[in-house]
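Structure, as structure tokens:
Quick note: the coordinates plus some simple rules give every number you see, no bench work behind them. Keep in mind that this is a model prediction, so the values were computed, not measured. Cβ: placed from backbone, ideal geometry, glycine included. Neighbour counts: every protein chain shown.
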Amino acid sequence: MTKRILVTGGAGFLGSHLCRHLVEAGHHVLCLDNFSTGTKANVEPLLANARFALKCQDVTDPLEAGVDEIYNLACPASPLSYQRDPIMTTKTSVLGAIAMLELAKRQRARIFQASTSEIYGDPAASPQSETYWGNVNPIGVRACYNEAKRCAETLVFDYWRQHGLRIKIARIFNTYGPNMRADDGRVVSNFIVQALRGEAITVYGDGRQTRSFCYVDDMISGFVRLMDSGDPITGPVNLGNPEQITVLDLAKRIIDMTGSRSRIVHVALPGDDPKQRQPDIAMAAALLDWRPSISLSEGLGRTIAHLDGELRAAGV
Ligand code: NAD
Ligand code: UDP
């Protein structure tokens, strides 16, 4: 069945892949974005398609649109971006969620909220399962993002309890791939760009902190499976790749794969940087029959090729 689908943050990294997937599946897609961290270039190939429309607007501003489904992704995701204007980040996450929940209520639309592994804070438990309530500093530099995302989850559940909305919450773990901006500031793009340019690889702290990286195609299939699942499935559901690696080993892997002469330098660890992060994806496997299929080596290879092409095209 053809659906009318709103994707907020659709010109960003994940949003642009989601829009492409939904248009290719035959749906009508309205992409709403204020281009604060996303780019028109990310959705350029879709602009000629009659089933795709792009609207430059803030997610917190009033919107009326006939929609069957809403994927609410609008929010800066890189620590560099979300800490640049932290008050704006909180407003985007909280007021944006309210605006989209109200639209879903008026339209009787199903709503998907892009939540995050950050809601677990600096987790004392590993791997993190959905039953873990987290370890979050409410006044730290990451709070504008993780506390605001926690509040958005609260709002989504209260609209479900109070108004019977059909809701889906995905807790997204670190995801990477093409369409991440070269200057986005997240670790995978930083290390690849530094390695390709022969610049020093900036490992924050001793590099023993861990992350688990999911390739974007796997993540998008998880989004759609969750959205398409039956109403009793609300989430929150963890989506991520359980393959865990230290940041230092990631740097070494990228140096090897690019054949770079870059050396590793250690710089100061930013505030409240989580020491470990690894998803327990048993719930996604059981409820959605979803698990990632692309290994870190394969995904990094594709991402390196993409960023290499971009840097060459830009002549840098
Ligand atoms: P991104 O920064 O590439 O994309 C975010 C998009 O939202 C951008 O296009 C940006 O311009 C837009 N946006 C920001 N504020 C807006 C506003 N006020 N109004 C309208 N548009 C606005 O980041 P991403 O990695 O694609 O993340 C997308 C979503 O997924 C975010 O909600 C993020 O919190 C969540 N997430 C991502 C990851 C990841 O590893 N990529 C992990 C956890 C959660
Ligand atoms: N990191 C790093 N060097 C960089 C960018 C990030 O060592 O140039 C580290 C960062 O301190 C964190 C991990 O890599 O421990 C992941 O950072 P990212 O900003 O990608 O996302 P996070 O998971 O922290 O939100």
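What to note about this one:
- Residue selected from the stretch 109-119 under the condition assigned to a helix (DSSP H, G or I) and either within 20 Å of Gln57 (Cα to Cα) or not polar (S, T, N, Q) (or both), by the criterion farthest from ligand 1 (Cβ to nearest atom): Ile119
- When Arg197, Arg208, Arg186, Arg181 are screened for being over 30 Å from Lys40 (Cβ atoms), within 14 Å of ligand 2 (Cβ to nearest atom), in contact (Cβ under 8 Å) with a residue 40 or more places away in the chain and out of contact with any helix residue (DSSP H, G or I) (no Cβ under 6 Å at 6 or more places or on another chain), only Arg208 passes.
- Failed criterion for Gln162 (all others in (1) in a helix (DSSP H, G or I); (2) surrounded by fewer than 22 Cβ atoms within 10 Å (Cβ to Cβ); (3) in contact with a helix residue (DSSP H, G or I) (Cβ under 8 Å, 6 or more places away or on another chain); (4) of a type outside the set (Phe, Trp, Tyr) hold): (3)
- Any helices (runs of 4 or more DSSP H) falling wholly within the stretch 1-108 and containing at least 1 residues that are of a type in the set (S, T, N, Q) and away from ligand 2 (no atom under 16 Å from the Cβ): 13-24, 86-107
- Condition check for Asp256: without any contact (Cβ under 8 Å) to a residue 12 or more places away in the chain, over 30 Å from Asp158 (Cβ atoms) and out of contact with any helix residue (DSSP H, G or I) (no Cβ under 8 Å at 6 or more places or on another chain): yes
- Some residue of the stretch 165-172 being away from ligand 2 (no atom under 16 Å from the Cβ), assigned to a loop (DSSP other than H, G, I, E, B) and touching a residue at least 40 places away in the same chain (Cβ under 8 Å): yes
- Of all the listed residues (Gly301, Gly230, Gly222, Gly271), the sole one being outside any strand (DSSP E or B), surrounded by 15 or more Cβ atoms within 10 Å (Cβ to Cβ) and among the small types (Gly, Ala, Ser) is Gly222.
- Top-ranked residue of the stretch 173-195 - restricted to ones that are among the small types (Gly, Ala, Ser) and assigned to a loop (DSSP other than H, G, I, E, B), ranked as farthest from ligand 1 (Cβ to nearest atom): Ala182
- Summed over the stretch 196-214, residues that are within 16 Å of ligand 1 (Cβ to nearest atom), touching a Ser or Thr at 6+ places or on another chain (Cβ under 8 Å) and not in a loop (DSSP other than H, G, I, E, B) total 2.
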